[in-house]
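Structure first, commentary second.
The values are calculated or read from the model by the stated rules, or taken from the named source; none is laboratory data. What you are looking at is a predicted structure, and each value in this text was computed from that prediction instead of being measured. Every residue, glycine among them, receives a Cβ derived from its backbone with ideal geometry; neighbour counts consider all protein chains shown.
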Amino acid sequence: MAHTRLYRDGKLELENFPPSDVSEHAQDPGATVWLDYCEPTQQDLTTIARELSLHPLAVEDAVHEHQRPKLDRYDTHLFLNTYVVHLDRASGELRTSEVSIFITQRALVTVRKDEGVGIDPILRRWDESSELARNGVTFLLWGVLDVIVDGHFDAVQSLDNEIEEVQDALFDTAAREAEVQRRSFELRKSLVLLRRVVLPMREVVNSVMRRDLHVINAEMTPYYQDVYDHVLRATDWTESLRDLVTTILETNLAIQGNRMNLVMKKVTSWAAIIAVPTAITGFYGQNVPYPGFAAHWGFWVSSAVIVVMSVALYVAFRRRDWL
């Protein structure tokens, strides 16, 4: 499935024309062409590569999945690879979808590896900033990167909210150690994956902004600088959240240890209290004569000793907060 757009002199002139016309429109000095493929075949990419003189290595990277975020420079074009992220709030799982971008002088080609990358947000971003369309490919590339980086930022913010909920559950009166530990590991896994996506984007966007590549012009520089600022904020935020999740895991283990010590302290205290009547009744149960043997006063004395010593131990343990 392919989407196409043609901008001429800063205005949207044509949409959804056949991909075979891309090369013809790209030869017009006043035209800017966008072509989008979702799950293309090898033949689709081979055809457009021949028409736009795309390098075979770049086409190969666009076909194969799990490429790292990067920006490669070739004689006739640039190749950019990045990822769109989606966070499932119910499970805390982070899913990624790969996007490859070919950047030529008058054409921008985006290759989506799956349906996880929606094209509608990018189209809305372009339409909302249509006054910038006169900047050609620079404008189109900015719209794509801005949407992708905003998605990274939203994912980091959602993870931050999830971590706050875990922090609230950490000191909940109800015992939720297993839930906190499971949730913490899920969030930590998502943060590690998000870091692999977000961290390289700092170098990618910075490379796009290099003057020797001649990708952006003076008018679009502030917009790319804004994207770069969002990348830096998302990167720093991801690093701090990863450290925070580690702290939550360590704190959860410490709380479990403290609760275990408290339980053991209470059990030991009650065992000491129960040991008093056990010892006295066991002693008086011996089949030998003893003071008060076979006498009523002996029974009352032993009972009084049991009560007094048990109460004394209980009071002593309560003062030490053992019970």
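Computed quantities for the displayed model
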read-out: Candidate set from the range 226-278 (those that are among the hydroxyl-bearing types (Ser, Thr, Tyr) and within 30 Å of Arg211 (Cβ to Cβ)); member that is surrounded by the most Cβ atoms within 10 Å (Cβ to Cβ); value: Thr238
read-out: The range 60-73, subset touching a helix residue (DSSP H, G or I) at 6+ places or on another chain (Cβ under 6 Å) and at pLDDT 90 or above, residue nearest to Pro200 (Cα to Cα); value: Pro69
read-out: Asp28 being within 35 Å of the chain's Cα centre (by Cα), assigned by TED's automatic domain parsing to the domain that holds Val144 and either closer than 16 Å to Val137 by Cα or of a type in the set (S, T, N, Q) (or both); value: no
read-out: Residue within the range 166-185 that is of a type in the set (Lys, Arg), more than 25 Å from the chain's Cα centre (by Cα) and either surrounded by 16 or more Cβ atoms within 10 Å (Cβ to Cβ) or not in a strand (DSSP E or B) (or both) present; value: no
read-out: Residue within the range 210-225 that is assigned by TED's automatic domain parsing to the domain that holds Leu249, crowded, with 20+ Cβ neighbours inside 10 Å and touching a Gly at 6+ places or on another chain (Cβ under 7 Å) present; value: no
read-out: Residues (assigned to a loop (DSSP other than H, G, I, E, B) and not small (Gly, Ala, Ser)) located in the range 194-224; value: Met209, Arg210, His214, Val215, Ile216, Asn217, Glu219, Met220
read-out: Inter-residue pairs, beta-carbon under 6 Å, first in a loop (DSSP other than H, G, I, E, B) and in the range 1-19, second at pLDDT below 90 and not small (Gly, Ala, Ser), 6+ apart; value: Met1/Cys38
read-out: Single match in Leu159, Leu145 (criterion: touching a strand residue (DSSP E or B) at 6+ places or on another chain (Cβ under 9 Å), more than 25 Å from Gln256 (Cβ to Cβ) and either touching a residue at least 24 places away in the same chain (Cβ under 8 Å) or assigned by TED's automatic domain parsing to the domain that holds Ala133 (or both)); value: Leu145
read-out: Qualifying positions in the range 1-25 - in contact with a Phe, Trp or Tyr (Cβ under 8 Å, 6 or more places away or on another chain) and among the acidic types (Asp, Glu); value: Glu13
read-out: Residue in the range 78-87 that is farther than 18 Å from Leu145 by Cβ, under 24 Å from the mean Cα position of the chain (by Cα) and not aromatic (Phe, Trp, Tyr) present; value: yes
read-out: Positions within the range 209-223 being modelled with pLDDT of 80 or more and on the phi > 0 side of the Ramachandran plot, in sequence order; value: none
read-out: Long-range neighbours under 6 Å by Cβ, at least six apart or interchain, first residue under 15 Å from Gln181 (Cα atoms) and polar (S, T, N, Q) within the range 252-272, second part of a helix (DSSP H, G or I) and at pLDDT 75 or above; value: Asn252/Val180; Asn252/Gln181
read-out: The range 81-103 residues that are under 13 Å from Leu194 (Cβ atoms), paired with ones that are surrounded by fewer than 22 Cβ atoms within 10 Å (Cβ to Cβ) and among the small types (Gly, Ala, Ser) (beta carbon under 6 Å, 6 or more apart); value: Val84/Ser97; Val84/Gly151; Val85/Gly151; Leu87/Ser158
